[in-house]
Amino acid sequence: MKFSWSAAAAVAVVLWSATTAWAQVTWHVDNNAADNATAGYAPPAGTPAGQIKTVIQDAVNAAANGDTVLVYPGTYTSTNSEVVNLLGKAITLQAAVVYDVNVVATWATIDGQDARRCIVATLNETNQTVVRGLRIWRGRASAGGGIYVVNGSPRIEDCWFLSNIATGGVAAGGGLRLLNSTSMIQDCFFENNQAGAEGGAIFNAGGAIMVSGCDFTGNTAPRGGGVFMREDASILTA
């Protein structure tokens, strides 16, 4: 398996720098503060208390276009129909720590608990919305158990899609479901995702997406265990 950004983590785990082309405010999400502080992953000293949250959606709600939401190692879930809704905002949602697949303490996990989607992007997100470095785990829905994208095109980079399920009979996409999207999916790992119909890892319809540097293993569906692309869609691979 290949992870373009965790090679460095084999030597040392480093904090992401929260810089974007139009960065304004960095929000920190940490629901495991004691353990993270011990491991050296705490928000920087002097961070205003109002910019530190324990719930990812609270940080997304507070963020403005150009902001960054850093998610510290831990497991994050919700009682809503999804753990995170990106709300159409041009923000970067990313892990605060470069993860090592062999070191649990480095994982920032979005956990759908086999009961809900992990991340939703349905409000015209553009490529200025970035999801990076997160472990997308146990999302479950009729379509798009891990990440559900409709009429939006967020960039999805360096994420680990694991054990997500789409239960629907059509247009499923266990790990990632895209409709009318031009998203770029780069350097992600899709492992053991499944769909009841099409696209165990990825389902794409009505748009032209780019998939680059991704690895697929153990994904299953009656049609297209790895990727299912409807005839009105296209995919560019690199």
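The values are calculated or read from the model by the stated rules, or taken from the named source; none is laboratory data. On a predicted model such as this, the values are computed, not experimentally measured, just so you know. So basically every Cβ, Gly included, is an ideal-geometry build from the backbone, and we count neighbours across all protein chains shown.
Given the structure, is residue 145 within 17 Å of residue 84 (Cβ to Cβ), touching a Lys or Arg at 6+ places or on another chain (Cβ under 7 Å) and in a loop (DSSP other than H, G, I, E, B)? Yes: the conditions hold for residue 145. Please tell me if residue 84 is buried (at least 20 other Cβ atoms within 10 Å of the Cβ) and free of Cβ contacts under 8 Å to residues at least 40 places away in the same chain. Yes, satisfied. Note on segment 46-56: residues that are surrounded by 13 or more Cβ atoms within 10 Å (Cβ to Cβ) and either of a type in the set (S, T, N, Q) or outside any loop (DSSP other than H, G, I, E, B) (or both) amount to 6. Contact annotation: residue pairs with Cβ atoms under 8 Å, 6 or more positions apart or on different chains, pairing a residue in segment 25-45 that is assigned to a strand (DSSP E or B) with a partner that is of a type in the set (D, E, K, R), are 26/67; 27/53; 27/67; 28/53; 29/53; 29/58.
For segment 81-141, the strands (runs of 3 or more DSSP E) that sit wholly inside it and include 2 or more residues that are out of contact with any Cys (no Cβ under 8 Å at 6 or more places or on another chain) and under 20 Å from residue 43 (Cα atoms) are 92-95, 108-111. Residues in segment 206-238 that are part of a strand (DSSP E or B), touching an Asp or Glu at 6+ places or on another chain (Cβ under 7 Å), modelled with pLDDT of 95 or more and not polar (S, T, N, Q): there are none.
Conditions (1) surrounded by 24 or more Cβ atoms within 10 Å (Cβ to Cβ); (2) among the polar types (S, T, N, Q); (3) within 11 Å of the chain's Cα centre (by Cα), marked per residue:
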position: 130; (1), (2), (3): no, no, yes
position: 146; (1), (2), (3): yes, no, yes
position: 153; (1), (2), (3): no, yes, no
position: 159; (1), (2), (3): yes, no, yes
position: 164; (1), (2), (3): yes, yes, no
position: 169; (1), (2), (3): no, no, no
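When the test is whether a residue is surrounded by fewer than 24 Cβ atoms within 10 Å (Cβ to Cβ), among the hydrophobic types (A, V, I, L, M, F, W, C) and either without any contact (Cβ under 8 Å) to a residue 24 or more places away in the chain or part of a strand (DSSP E or B) (or both), residue 64 does not pass it.
Can you name every residue in segment 94-113 that is charged (D, E, K, R) and under 12 Å from residue 76 (Cα atoms)?
Step one: of segment 94-113, the residues charged (D, E, K, R) are 100, 111.
111 - this is the single residue of segment 94-113 that is charged (D, E, K, R) and under 12 Å from residue 76 (Cα atoms).
Residues that are assigned to a strand (DSSP E or B) and under 17 Å from residue 133 (Cβ atoms) within segment 155-176 comprise 155, 156, 157, 160, 161, 162, 176, listed in sequence order.
Go through 189, 203 for me and flag whichever is within 22 Å of residue 99 (Cα to Cα) and touching a strand residue (DSSP E or B) at 6+ places or on another chain (Cβ under 9 Å).
Values: 203 fails: within 22 Å of residue 99 (Cα to Cα).
The match here is 189.
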